[in-house]
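A quick write-up on the structure given underneath.
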Amino acid sequence: MQFGLNESQEFLRDSARKFFAGECPMAEVRRLMETDTAFGANLWSKLAEQGYTGIIFPEEFGGVALGIFELILLMEEAGRALLPGPFFSTVVMAGTLLDALATTAQKRKYLAPICRGEARATVAFFEAEGSWDLADVRLTAANGELKGEKLFVPDAAIADWIIVVAQNGVFLVDSKASGVRVQPMLGMDLTRKLYSVRFDDVPGEKIGETAGLARPRAIATAALAAEMVGGMQRTLDLAVEYAKTRKQFGKPIGIFQAVQHQCADMYLETESARSAVYYAAWALQHHAPDAAAAVSIAKLYASDASRTVGNRGIQVHGGMGFTWENDLHLYYRRAKASETTFGDATFHRERLARLTIDAEVVSERGA
Amino acid sequence: MDLNLTPEEVAFRDEFRVWLQANVPKDWAEWREKPLEESFPYLRAWQRKLQEGGWAAVSWPKDYGGRSATLMQQAIFWEEMARLEAPPMANALGLGLIGPTIIAYGTNAQKKRFIPGILSAEEIWCQGFSEPNAGSDLAALQTEARLADAHYLVNGQKIWMSYGWVGDWCELVVRTDPAVPKHKGLTVLLVDMKSPGVEVRPLRQMTGESEFNEVFLRDVRVPVENVLGKVNDGWNVAVSTLMHERGAYGARLILIFKRNINRLIELTRKVQRNGRPAAQDPILRQKLAQCYAEVEIMRLNQLRAFSRITSTGAPGPEGSIQKLFWSELNQRLQQLAQELLGPYGQLLASDGHAIDKGIWSYGYLRSRGNTIEAGTSEVQRNIIGHFVLGLPRSY
């Protein structure tokens, strides 16, 4: 048994870290977040050159065909760098969905351009009266046409295709089609823009049944939790660095146990979240019977921990942590947005309770 | 990343499983609730049986009667022990902590003299480290040993000594040089507990039982050949012993936690809350799920820690959070059991209405000790802060 990275996984992680440090430094993050879409075409084509846009997709569609664990390592590094823009929506949400549900012809048409970095897509799930529970989806396709509104759709303004989860199936819509109205929703996270999307009798191409959503959504949830771990790691690193260098009463503040113990707790929370995420990725990759539970455990722990790590990180920084120029709040904002995406800790605790207390069969298909 | 057992690990597990199924005593359930004083001969006999099968000290080198088991194999060993609800071994400290220290630091004569008795449980070992004024600050200990002829003359007091009441021998840390900085004047002595001048008193703890002892040492004569390691190098010897405290034994703890959380889940289906099964109470569901998740994360943290040690030879950062994580988790888990059981939670083992023979009232009280024993949570956070994160030493 070996619960850790092998050599090629370490190589992937290290090269991703190097890539983001070079191509996506905080100055670039801040530049992009000030734009309407947080999308950088140049950065996007570099992500594609690295093969990141096709990381887990089959080679026949131009992907790199790596495993879910490799995706998780990449997302962790993306989270550490606070990668702005549509990588999560396009590759992790839409890409895994297409990979799981679409026909071969559809994959050639939609997944292949995503792998090549030529197209972007997003997934529309949440509704006004809704939740992250599939049972709460009301929008229904009639005669292949969609009518209704979706909220909290990431990166819709720069997506070529919007994949809509309806009660009676999953449908792909051309974002330029008439009857599609995309309007910004102004969220806390400045690096990942949200939109409301109205569909007025818009034709949709059926991709698959909603029952097939469990696996791509489980993968996306684990990947999001991995990204959160990356953000936590960066927040911890910044706090420790500050505690070593900032002096008060003639000493580095990290010598005071009240500060030091905050850092120790941040470390415990970050490493524990990482363990949970790594296991979820492994369980998904190997179709383990407890994969659904593992994903919920990862997301519930990461959801709470990324918030508390952020709280502690800002507290350790004192007044500096409260300023706009300090990067901590950018991670803190992302953490809050990610906390609720695909369900917060309360949502996943209830889901875990159904899998354990109610003794339903714990299986990935129940995800 | 490969969470499947290797063929060697599977072979190890299967061999032990077969042996254990054939040899584990069937009547342990009748003994386990009895006071340790009463069940101790039973536990000695069980350890002897394990030794005869070659299973008493799997982590020890083969030359010393062990199996040179890897950490993962050790974890498998404890998991199998817990899975079949096998009794613990009588000489837990001798096998887990002190034997390995003697193997590492002892002279050939010491190894020959002491190792067989540890393995066979003929000689039970205890550990004399903490003192009334040296707890977290262990190096401040004051028990002194003065050289007189070919003996050390030992005077002082030890506290929190597990197995003191039954101990034949003790790994005792003493001060041999009061003139040098505190870490540098310590020496480890192997002390015969039957020596004149050794007085053992029970220390009654808040659970009502006496797991630990106070030990008073008055002019106790210890021959110089019983120095373990070098004179005044006792700090390194003692730290080596403490390192073993966080070993594969944690694997056993995980099984116990799993069993507890699964038991709580069973209870929620039976216990009524506001006219319905507690399993339907949304708040209890939330709390149970949180505990369930954390028990699983405790297991995963440990697997990562073991893998790190196996691949790099050194404990990784994950290892340092383990004690902090499980001790605080157990307090939350025990509190959750109390909330679930309502007024029944407080009932003691001897009460006829008690649920699960009173294990939850006992567990609730006992868990307060978890964040104190084997390094307080505060000390664990200092260790993480200084040794893992590189923050300046705070003390």
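All of the numbers you see were taken from the coordinates with simple rules; none came from a lab. For clarity, every value in this text was computed on a predicted model and none was experimentally measured. Please note: Cβ atoms are built from the backbone with ideal geometry, for glycine as well, and neighbour counts cover all protein chains shown.
Here are some notes:
- Rounded to 10°, Cα long-axis angle of helix B:317-341 versus longest principal axis of chain B: 50
- Residues B:E266, A:E23, sorted so that the one with the fewest Cβ neighbours within 10 Å comes first: B:E266, A:E23
- Length gained on full extension, A:E34 to A:A128: 31.1 nm, using 0.36 nm per residue less the C-alpha separation.
- Modelled FRET efficiency - R0 41 Å, A:E60 with B:E8, Cβ distances, 0.05 increments: 0.60
- Net charge dipole size for chain A [Lys, Arg +1 and Asp, Glu -1 on Cβ; Debye, nearest 20]: 680
- Selected from A:F61, B:A90, A:G208, residue furthest toward positive end of dipole (the protein assembly as shown; charges at beta carbon): B:A90
- Counting neighbouring beta carbons within 10 Å and listing from fewest to most, the residues B:Y395, B:Y292 come out as B:Y395, B:Y292.
- Computed from backbone phi, the HN-Hα couplings of the range B:5-11 come to 5, 6, x, 5, 5, 5, 4 Hz, rounded to whole numbers (Karplus: 6.51 cos²θ - 1.76 cosθ + 1.60, θ = phi - 60°; Gly and Pro given as x).
- Using alpha-carbon coordinates, inclination of helix A:214-245 to the longest axis of chain A, degrees: 20
- Rounded to the nearest 20 debye, the dipole size of chain B about its Cα centre is 700 debye, using +1 on the Cβ of Lys and Arg and -1 on the Cβ of Asp and Glu.
- Pairwise label distance in nanometres, B:K62 with A:T323, each label 7 Å out on the Cα-Cβ vector: 6.4
- Between B:T207 and B:A104, the contour length at 0.36 nm per residue exceeds the alpha carbon distance by 33.5 nm.
- Anchor B:K258: aspartates and glutamates whose Cα lies under 12 Å away (excluding residues fewer than 8 positions away in-chain): B:E79, B:E294, B:E296
- Mean ellipticity per residue at 222 nm, deg cm²/dmol - from DSSP H runs of n ≥ 4 across chain A, formula -39500 (n - 2.57): -15500 deg cm²/dmol
- Fraction in percent of alpha-carbon pairs per bin - 5 Å, the range B:55-147: 3, 12, 18, 19, 17, 14, 11, 5, 1, 0
- Note on chain A: dipole from Cβ charges, positive end direction compared against A:T96, A:S303, A:V180; the farthest Cα belongs to A:S303.
- Seen from a random direction on average, the alpha-carbon convex hull of chain B projects onto 21.3 square nanometres.
- GluC sites (Glu not before Pro) restricted to the range A:82-152 and DSSP loop, no more than 15 other C-beta within 10 Å: A:E118, A:E129
- Hull volume per residue, based on the alpha-carbon atoms of the range B:246-388 and their convex hull, is 108 Å³.
- Kirkwood hydrodynamic radius of the range A:215-367, from inverse mean 1/r over distinct Cα pairs, in Å: 16.1
- The alpha-carbon of A:K193 sits under 27 angstrom from the alpha-carbons of these lysines, leaving out residues fewer than 8 places away in its chain: A:K18, A:K46, A:K107, A:K109, A:K147, A:K150, A:K176, A:K206, A:K299, A:K336.
- Put simply, the Cα atoms of the range B:125-232 extend 42, 28, 21 Å along their principal axes, the longest span coming first.
- Within the range B:298-395, trypsin sites (Lys or Arg not before Pro) in DSSP loop having at most 13 other beta-carbon neighbours inside 10 Å: B:R393
- Kirkwood's formula applied to the C-alpha pairs of the range A:121-210 gives a hydrodynamic radius of 12.8 angstrom.
- For the range A:116-131 and the range A:136-189, distance of Cα centres in Å: 7
- Each 10 Å bin, from zero up to the one with the longest distance, holds this percent of the alpha carbon pairs of the range B:7-90: 17, 50, 27, 6, 0.
- As computed over the range A:7-116, the Cα convex hull volume per residue (Å³): 90
- Per-q log10 I(q)/I(0), the range B:185-309, q = 0.22 Å⁻¹ (Debye; single scatterer per alpha-carbon; no solvent): -1.20
- The convex hull built on the alpha-carbon positions of the protein assembly as shown has an orientation-averaged projected area of 35.8 nm².
- Aspartates and glutamates whose Cα lies under 13 Å from that of B:K184, excluding same-chain neighbours fewer than 8 positions away: B:D233
- Taking each residue as 0.36 nm, the span from B:Q280 to B:A29 lengthens on full extension beyond its C-alpha to C-alpha distance by 87.1 nm.
- Chain B: calculated mean residue ellipticity at 222 nm from DSSP helix runs of at least 4, using -39500 (n - 2.57): -14500 deg cm²/dmol
- Dipole magnitude of the range B:332-395, debye to nearest 20 (Cβ charges: Lys/Arg +1, Asp/Glu -1, about Cα centre): 240
- Over the C-alpha trace of chain A, radius of gyration and Dmax come out as 20.3, 73 angstrom.
- The fewest-to-most ranking of A:S338, B:S162 by surrounding Cβ atoms within 10 Å reads B:S162, A:S338.
- A straight line joining the Cα centroids of the range A:7-23 and the range A:259-291 runs 20 Å.
- Relative intensity, log₁₀ I(q)/I(0), of the range A:235-301 from a Debye sum that treats every alpha carbon as a point, q = 0.22 Å⁻¹: -0.82
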